[in-house]
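Novice: First the structure, which I've put down as structure tokens, then a few questions once you've had a look.
The values are calculated or read from the model by the stated rules, or taken from the named source; none is laboratory data. Since this is a predicted model, take the numbers as computed values, not measurements. No Cβ is skipped: glycine too gets one built from the backbone with ideal geometry, and neighbour counts run over all protein chains shown.
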Amino acid sequence: MPEANNATGGTHSTRFPFRRTMLVVETLVGVSGLAGSVQLLVGVATPPVSVLNPLGLASWTLPAGWLFLTVALPSGLAAWLAWRRSPWAPIAVLVASALLATELLFQIPFLGFSVLQLIFGTVAIGMAVVAFLARRAGWWPRGRLTAST
């Protein structure tokens, strides 16, 4: 049952709950992660390199790659899967949310706490909740991972 009538006489998707939310938010997070990676690579608006001393790093190249791999790529993949209406989209959103939270928790000891981390942390938690709600509503791969009814 892909479409159902709503109270106003229109139709809405019941098979892909929260699809637009996943698509929009994960696209924005992915683009933000890509922009942050590029900023680190070119040295625009970066913290001093001295904060990397405890890691033994002398440039922002490795952190830029880490940011791309843990934020831009997973969120971009989650957005693409949501756009394609893939049954794997909620799982991808959960993974992207967990990786974003990991990235933020890894940043705090080196960069200190910032409002931007609070905002993205809230997004990570919120999108994990959205993915679980989508699963509960039936958007999940069939087979072993099927939600129990």
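So that you can scan it fast, the table gives a plain yes or no per residue for (1) of a type in the set (Lys, Arg); (2) surrounded by 14 or more Cβ atoms within 10 Å (Cβ to Cβ); (3) part of a helix (DSSP H, G or I); (4) at negative phi:
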position	(1), (2), (3), (4)
63	no, yes, yes, yes
75	no, yes, yes, yes
87	no, yes, no, yes
97	no, yes, yes, yes
105	no, no, yes, yes
109	no, no, yes, yes
121	no, yes, yes, yes
127	no, yes, yes, yes
141	no, yes, no, yes
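Novice: Out of (1) in contact with a Ser or Thr (Cβ under 9 Å, 6 or more places away or on another chain); (2) exposed (fewer than 15 other Cβ atoms within 10 Å of the Cβ); (3) part of a helix (DSSP H, G or I); (4) not acidic (Asp, Glu), what's the single condition that is false for residue 92?
Specialist: Of the numbered conditions (1) in contact with a Ser or Thr (Cβ under 9 Å, 6 or more places away or on another chain); (2) exposed (fewer than 15 other Cβ atoms within 10 Å of the Cβ); (3) part of a helix (DSSP H, G or I); (4) not acidic (Asp, Glu), the odd one out for residue 92 is (2).
Novice: Examine region 118-131 for a residue that is under 23 Å from residue 38 (Cα atoms), at pLDDT 95 or above and over 11 Å from the mean Cα position of the chain (by Cα), and state whether such a residue exists.
Specialist: Here is the first cut: in region 118-131, the residues under 23 Å from residue 38 (Cα atoms) are 118-121, 123-124.
Subset that is at pLDDT 95 or above: 118-121, 123-124.
Cutting the leftovers down to over 11 Å from the mean Cα position of the chain (by Cα) gives us 118-119.
Within region 118-131, one or more residues are under 23 Å from residue 38 (Cα atoms), at pLDDT 95 or above and over 11 Å from the mean Cα position of the chain (by Cα).
Novice: Right, residue 59: farther than 26 Å from residue 141 by Cβ, at pLDDT 90 or above and not in a helix (DSSP H, G or I) or not? Spell out how you get there, then give the answer.
Specialist: On the way: farther than 26 Å from residue 141 by Cβ: yes; at pLDDT 90 or above: yes; not in a helix (DSSP H, G or I): yes.
So residue 59 passes the test.
Novice: I'm trying to understand the selection: among the residues of region 74-111, which are within 14 Å of residue 125 (Cβ to Cβ) and charged (D, E, K, R)?
Specialist: To start, the set of residues in region 74-111 that are within 14 Å of residue 125 (Cβ to Cβ) comprises 93-94, 96-105.
Listed by number, the list holds a single entry, 103.
Novice: Tell me, yes or no, whether region 65-73 has at least one residue that is within 30 Å of residue 142 (Cα to Cα), buried (at least 20 other Cβ atoms within 10 Å of the Cβ) and not hydroxyl-bearing (Ser, Thr, Tyr). Walk me through how you get there before you give the answer.
Specialist: From region 65-73, those within 30 Å of residue 142 (Cα to Cα) are 69-73; that's our starting set.
Applying the additional criterion that residues be buried (at least 20 other Cβ atoms within 10 Å of the Cβ) yields 70-72.
Within this subset, residues satisfying the condition of being not hydroxyl-bearing (Ser, Thr, Tyr) are 71-72.
Scanning region 65-73 turns up at least one residue that is within 30 Å of residue 142 (Cα to Cα), buried (at least 20 other Cβ atoms within 10 Å of the Cβ) and not hydroxyl-bearing (Ser, Thr, Tyr).
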